[in-house]
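Beneath this line is the structure, given in structure tokens, with notes to follow.
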Amino acid sequence: MADPMRIRATLEGGKVIVKVLMAHEMETGYRKDANGNLIPAHYIQEVNATCNGKTVLSAQWGPSVSKNPFLAFRFSGANKGDKVVISWKDNKGESRTDEAVIA
Amino acid sequence: MNVSRRIFLKASGGVGAALLLAGWPRGVLADEAWNAKAFAGKSLDDVVKALGGAAAQPSADIALTAPDIAENGAVVPVEIESKLPNTRSISILVEKNPNALSADFSIPAGTDPYISTRVKMAETSNLYALVQTDGGFFYAKKEVKVTLGGCGG
């Protein structure tokens, strides 16, 4: 199981600013290990963010997103105390869902 | 020639079929949501076509912020903000990476057409911010010099 995401959601000027740090190798499949063998690709392919049951961002990623991905975005229509739920799924079918309360 | 095979190739797109034959992990193909064809594209044109467009036009209404020189190609911060009306998606492309498309974000109504993230760059290259609106595809580009590549072994 991957480590939890670090999510910060703050309400500023009527908009929710969300910053996420995910823990993932984001292995490209092009690198080789010490013995010269290719390391298989392992990367997040899908990211979804919802708030109050409504999707506020969805994304598809390739292996060229940096290791331990950082993501920031903004949306409107939510209040302090609401929850932002973020989930990702990688190319091996592993997934992780975390949430944060809007402050 | 085997007719049904032709039809299959046409329906799935050459790239998808090639990946299937090469033993692409099953989970990827089963999951139709992930656009394997777009992520296999080698150029801006390839990706625009895979996303269902014809061609992308340059636009001054897309703000693409990235460093002029990235010391470490493994972590290049990219910030994109679109001022085009009805922006539906924002994509990040790196021209000289093995596959151009890095990330594709769908922007629902109520979410700002703004994204900040970090990508890997194999070498000095153009970075593209591709924006899809109701009126088609638009892009902004910026060259980022990379002193240490992010994809090497």
Inset, instruction - Could you list all residues from the range A:62-94 that are under 10 Å from the mean Cα position of the chain (by Cα) and within 18 Å of B:Ala33 (Cα to Cα)? - result: A:Ile86, A:Ser87, A:Trp88, A:Lys89
Legend entry - Options B:Ala109, B:Ala103: the member that is assigned by TED's automatic domain parsing to the domain that holds B:Ser59 and touching a Phe, Trp or Tyr at 6+ places or on another chain (Cβ under 7 Å): B:Ala103
Inset, instruction - Looking only at the range B:66-93, count how many residues are within 13 Å of another protein chain (Cβ to nearest Cβ) and in contact (Cβ under 8 Å) with a residue 40 or more places away in the chain. - result: 17
Inset, instruction - Scan the range A:16-41 for residues that are more than 10 Å from chain B (Cβ to nearest Cβ) and closer than 17 Å to A:Ser64 by Cβ and jot them down. - result: A:Met22, A:His24, A:Glu25, A:Glu27
Legend entry - Candidates B:Ser125, B:Ser102 - the one that is facing chain A (nearest Cβ under 10 Å), without any contact (Cβ under 8 Å) to a residue 40 or more places away in the chain and polar (S, T, N, Q): B:Ser102
Inset, instruction - Could you grab me the full set of residues in the range A:48-65 that are in contact with a Ser or Thr (Cβ under 8 Å, 6 or more places away or on another chain) and among the small types (Gly, Ala, Ser)? - result: A:Ala49, A:Ser58, A:Ala59, A:Gly62, A:Ser64
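The values are calculated or read from the model by the stated rules, or taken from the named source; none is laboratory data. The shown structure was predicted, so the numbers you read here are calculated from the model rather than taken from an experiment. So basically every Cβ, Gly included, is an ideal-geometry build from the backbone, and we count neighbours across all protein chains shown.
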